[in-house]
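Let me begin by presenting the structure, written as structure tokens, before commenting on it.
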Amino acid sequence: MSLKIGLKLAKNYSVNFSLPKREKHKIKFIIIHYTGMKKESKAIKRLCDEKSKVSSHYFIQNNGKILNLVPDLYEAWHAGISNWKGVKSLNQYSVGIEINNPGHNNNYKKFSERQISSLLRLLRYLKKKYQINKKNILGHSDIAPNRKKDPGEKFPWKILAKKQLCHWHNLNETKLERFRNIKLSISEQKIFIKNLYNIGYVKITRLNINRVEKYLIEAFQRKFRQALVNGKIDKECFLIAKDLVK
């Protein structure tokens, strides 16, 4: 099997998906993950193991090869409990892409150039095929900030943004850095949190407000302010969020 993007895909599939087939128009999101496992072979095995109850539509290996584990029109089990702009259980409406990377608990590292090159081609293909808004190309931590950190602060969202493959701000990052660690007033902090909700992040109601805000802030920083992920609001974060909601 091959896509019209010059990439060959594996023919063996994971058994972990839901029936019946989805209609094409129901696919509205693309969710990007890392595997979070030490060995690539074990990550692939887990995604195809009936007992694991997890899967994704695509898997990008270290060498850039793409494996197609679940056909697009079937619901893969990659997002879990998730929410974005009030849309819950995003498995139903998304394509999931796993990129091999050991993750935060196993010596988290940068993604390879081959992986990102393959990802860009795959994203362009999927975005066009399913008419997906670039604002709906998200990380797992965006839709499940209290549970997940992937793909993390080493994932090159800015490269995707330059290719119109994700939502990004229009601010000069060199100038922005001047505002890092500058504290906000209480009213500005409230505006920032409100802006996170406007971007799409959703409040986790079962947690106390301080923990909720920390999870949301860290998820925001892992994507839009990767140089410092500390769960604290500052002027730099405030300005980025303000620009994103315009």
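Numbers at a glance
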| item | result |
| --- | --- |
| Scope region 84-103; condition more than 15 Å from the chain's Cα centre (by Cα) and under 21 Å from Ser41 (Cβ atoms); matching residues | Pro102 |
| Evaluation of Tyr201 against (1) of a type in the set (Ser, Thr, Tyr); (2) assigned to a loop (DSSP other than H, G, I, E, B); (3) more than 26 Å from Ile132 (Cβ to Cβ) (one fails), failing number | (3) |
| Any chance Val95 is part of a loop (DSSP other than H, G, I, E, B) and not assigned by TED's automatic domain parsing to the domain that holds Glu218 | no |
| Region 149-198, residues that are of a type in the set (Phe, Trp, Tyr), in a helix (DSSP H, G or I), touching a helix residue (DSSP H, G or I) at 6+ places or on another chain (Cβ under 8 Å) and under 24 Å from Lys85 (Cβ atoms) | Trp157, Phe192 |
| Check on Gly86, at pLDDT below 95 and surrounded by fewer than 16 Cβ atoms within 10 Å (Cβ to Cβ) | yes |
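The values are calculated or read from the model by the stated rules, or taken from the named source; none is laboratory data. Keep in mind that what you see is a predicted model, and the values were worked out from it rather than measured. Positions of Cβ are generated from backbone atoms using ideal geometry, with glycine treated the same way; all protein chains shown enter the neighbour counts.
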